[in-house]
Amino acid sequence: MNIDVISKPAFSVIGKEGSTADGVGFIQGLWAEANARFDEVAHLAKRDENGIPVGFWGVMTDFSRSFQPWANEFSQGLYLAGVECADDAVAPEGWIKWTIPGFEYLRAKCTSQTVFADMLQHLKEYGMELAGAVQDYTCPAEGKNYMLFPIRRI
């Protein structure tokens, strides 16, 4: 498994919010809606020097919105499917903005369907615990997907 340690200061994401209470497949539905209506927030996306958005995020938090891991063995919580934006960006009507606290993360490239379980086992083996909710990250410039496992709040 390809794992590295990164530090990411607090950042903001504008997207479509849903809950595990919305039922099976709610995450796919959020992404479908966010992608179909991306033109409404494209101008708010943070971009790199080549004009490419810096990242698309599947941001997770517990129901208290304190960015702790999902409850009940990672089966209950909130999810935001969106794009990284400036911290002062204002979400248009029908969109939600979350500001995620800064964390040090173990970043794992998504190369299999078992990355989440494999990383939880890795954390356990090394005596580490999650310091917050796991986040999904897609880097458009690289065309790669990652899962970020917070190990320390910064």
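The values are calculated or read from the model by the stated rules, or taken from the named source; none is laboratory data. Because the structure is predicted, anything quoted here is derived from the model rather than measured. Backbone-built Cβ (ideal geometry, glycine too); neighbour counts: all protein chains shown. In case anyone asks, the SASA skips ligands and DNA or RNA and just uses the protein heavy atoms, side chains included. Shrake-Rupley method; radii C 1.70, N 1.55, O 1.52, S 1.80 Å.
Brief remarks follow.
- Across the options VAL13, THR61, PRO92, the greatest Cα extent toward the positive end of the charge dipole of the chain (unit charges at beta carbon of Lys, Arg, Asp, Glu) belongs to THR61.
- P(r) tail, the chain: Cα-Cα pairs separated by more than 19 Å, 53% of all pairs.
- Quotient of the Cα radius of gyration of segment 1-87 and 2.2 N^0.38 Å, N being its number of residues: 1.18.
- Residue-normalised accessible area of segment 27-154, given per residue in Å² at a 1.4 Å probe: 52 Å²
- Here the ratio of the Cα radius of gyration of segment 98-154 to 2.2 N^0.38 Å is 1.14.
- In a reduced charge model with +1 at each Lys and Arg Cβ and -1 at each Asp and Glu Cβ, segment 42-131 shows a dipole moment near 120 debye about its Cα centre.
- Calculated [222 nm] ellipticity per residue, helices only, for the chain: -4500 deg cm²/dmol; basis is -39500 (n - 2.57) per DSSP H run with n ≥ 4, divided by all residues, nearest 500.
- Projected-area average for segment 39-78 over all orientations - Cα convex hull basis, square nanometres: 4.1 nm²
- Nearest-ten-degree value, helix 26-36 long axis tilted from longest Cα axis of the chain: 30 degrees
- Over 18 Å between alpha carbons, listed pairs LYS16/LYS144; LYS46/LYS97; LYS16/LYS97: LYS16/LYS144
- Rounded percent of accessible protein surface that carbon and sulfur make up, segment 52-105, 1.4 Å probe: 55 percent
- Against the chain, whose longest principal axis is taken from its Cα atoms, helix 115-125 shows a tilt of about 40°.
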